[in-house]
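Everything on this sheet refers to the single structure shown next.
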Amino acid sequence: MNFSSRSLLSRRAGAVLAGLLVAGSVASCSTGGATRIAASTDKDDLVMVTEVRSLSNPYAAAWVKGSQAYADSVGIPLKTIVYGGDSQNALSQLQSILAAGKTVLLNIDPNTSADTPAIVRAVQNSGGCAVTQWSKPAGLHPWDVGDGWAAFVTYNGVEQGQGAADVLADSLGGEGGIIALQGILSNEVSQTRDQGLAASLAEHSGIKLLDQQPADFDRNKAYNTIQTLLNKYGKDVNGVWAANDAMALGAIQAIREAGRAGEIKVVSASDATPEGLEDIDNGDMLATFTTDPYYNGAMPLALCYQAVTGKVNISELPHDKREFYVEHSLVTKDNVDQYLREPSAAEIAASVEDPYGRISGPLTK
């Protein structure tokens, strides 16, 4: 493939990234695919990068394990960026790696949808390859940017939010008061799961939403929020719906300390983290959805590696292989046994030999 001098692009990376952060618009990302992935079979030219908010989040920690397992399987170094929920921090750390001049294969869950344009354009302009997960502007698509943004992958958050809420409603016999712990409100993931919760509430008129508060997918914030709301609503609280496992775990801790373990039902809309699964197994949590963090850590890197080594030609892929939902499943006490064991590094690598093997369908919007 034709691509510009990597050294020149490296010198430009900082300026490009800064400019895009200010612009941040869909229009600023339209390139018509003019900049192509820097095809290479020399592993010394490649570096894999995985970006997460916090390693204290069990989902993110498992994601990094998945990334490391795949990187090790193909003999490419992995750099892990932990950006602490700070968009500028995420971009500046990425900029430093891009400036080193190697071809970057990036796997990232952007902090907010608005961060995605700057990230993918910067990677593409360096000759690299990016796969983003979970969040992007609704009107922006990988093919609008070019081959350097290989794919956007996500899960159907509406199904997750509604499925978890339905389990909670059923456990309460269709009546009771609940609290909702939302994620980052500007994040598309949070928005779609909230939509699912709303859909479930519309079908269960006996369930009353007492309060909903954002806890930013953070366990400690969820713990503090539930402590406050339990004091406010007291015995009216019969259940907690959380947008992810980390927040559900924080809620469970607060509920236990309030002496109401087993009395207040808790569900999570996503993640199936090891600790979350253990809490389902022991009865502290009713349900979560599998959004396999080991797979999510590995699959984007596998797709980018296949792209730069010529196994996959991004420019020839149909749209439904550039932007798609991944399979997920509801996990409850009835089926948790099959998810409790952590996969080995070899199993993680094998699971992404076909990066498209778990597609459940194209995005519906």
**Q.** Among the listed pairs LYS136/LYS265; LYS79/LYS136; LYS136/LYS311; LYS65/LYS232; LYS65/LYS235, those beyond 29 Å (Cα-Cα)
**A.** LYS136/LYS265; LYS65/LYS232; LYS65/LYS235
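Please report, in debye to the nearest 20, how large the charge dipole of the chain is about its Cα centre when each Lys and Arg carries +1 at its beta carbon and each Asp and Glu carries -1 there.
The dipole of the chain has a size of about 1200 debye.
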Q: Would you be so kind as to identify which of TYR305, PRO362, SER315 lies farthest towards the positive end of the dipole of the range 291-365, taking Lys and Arg as +1 and Asp and Glu as -1 on Cβ and the Cα centre as origin?
A: SER315
Q: Please list, or write none, the aspartates and glutamates whose alpha carbon is within less than 16 Å of the alpha carbon of LYS321, excluding same-chain residues fewer than 8 places away.
A: ASP144, ASP147, GLU353, ASP354
Q. Between the range 196-219 and the range 142-164, how many Å separate their Cα centres?
A. 23
Q. Residue by residue through the range 305-314, which ³J(HN,Hα) values in whole Hz follow from phi under the Karplus form 6.51 cos²θ - 1.76 cosθ + 1.60 (θ = phi - 60°), with glycine and proline marked x?
A. 5, 5, 5, 6, 9, x, 6, 10, 9, 4
Q: Quantify, in whole percent, the carbon and sulfur part of the accessible surface of the range 118-272 (1.4 Å probe; protein heavy atoms only).
A: 45
Q: Amide H neighbours of TRP149 under 5 Å, at least 5 residues apart or on other chains, H built in the peptide plane: list them.
A: ALA130
**Q.** Between 0 and 90°, nearest 10: helix 6-23 axis offset from the chain longest Cα axis
**A.** 40
Q: Could you pull out which residues in the range 140-176 have an amide N less than 20 Å from a spot 7 Å beyond the Cα of SER315, following the Cα-Cβ vector?
A: 141-152
Q) Summing -39500 (n - 2.57) over the DSSP H runs of n ≥ 4 in the chain and dividing by its residue number, what mean residue ellipticity at 222 nm do you reach, to the nearest 500 deg cm²/dmol? A) -13000 deg cm²/dmol
Q. Taking springs between alpha-carbon atoms closer than 10 angstrom, which of GLY128, GLY85, GLY234 fluctuates most in the Gaussian network model of the chain?
A. GLY234
Q) When ligands, DNA and RNA are left out and all protein chains stay put, how many square angstrom of accessible area per residue does the chain have with a 1.4 Å probe? A) 38
Q: Would you mind checking which residues have amide H under 5 Å from VAL331's amide H? H placed 1.01 Å from N; only 5 or more apart, or other chain.
A: THR288, PHE289, THR290
Q) Whose amide H sits under 5 Å from the amide H of GLN212, counting only residues 5 or more places off or on another chain, with H placed in the peptide plane? A) ALA180
Q. What FRET efficiency, computed as 1/(1 + (r/R0)^6) with R0 = 35 Å and r the Cβ-Cβ distance, is obtained for GLU342 and GLN213, rounded to the nearest 0.05?
A. 0.65
Q) If you take the beta carbon distance between ASP236 and GLU257 as r and set R0 to 22 Å, what does 1/(1 + (r/R0)^6) give as a FRET efficiency, to the nearest 0.05? A) 0.75
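The values are calculated or read from the model by the stated rules, or taken from the named source; none is laboratory data. Please read all numbers here as calculations on a predicted model, not as lab measurements. Cβ coordinates were reconstructed from backbone atoms using ideal geometry, including for glycine residues, and neighbour counts include every protein chain displayed. The accessibility values were calculated without ligands, DNA or RNA, using every heavy atom of the protein model including side chains. Shrake-Rupley method; radii C 1.70, N 1.55, O 1.52, S 1.80 Å.
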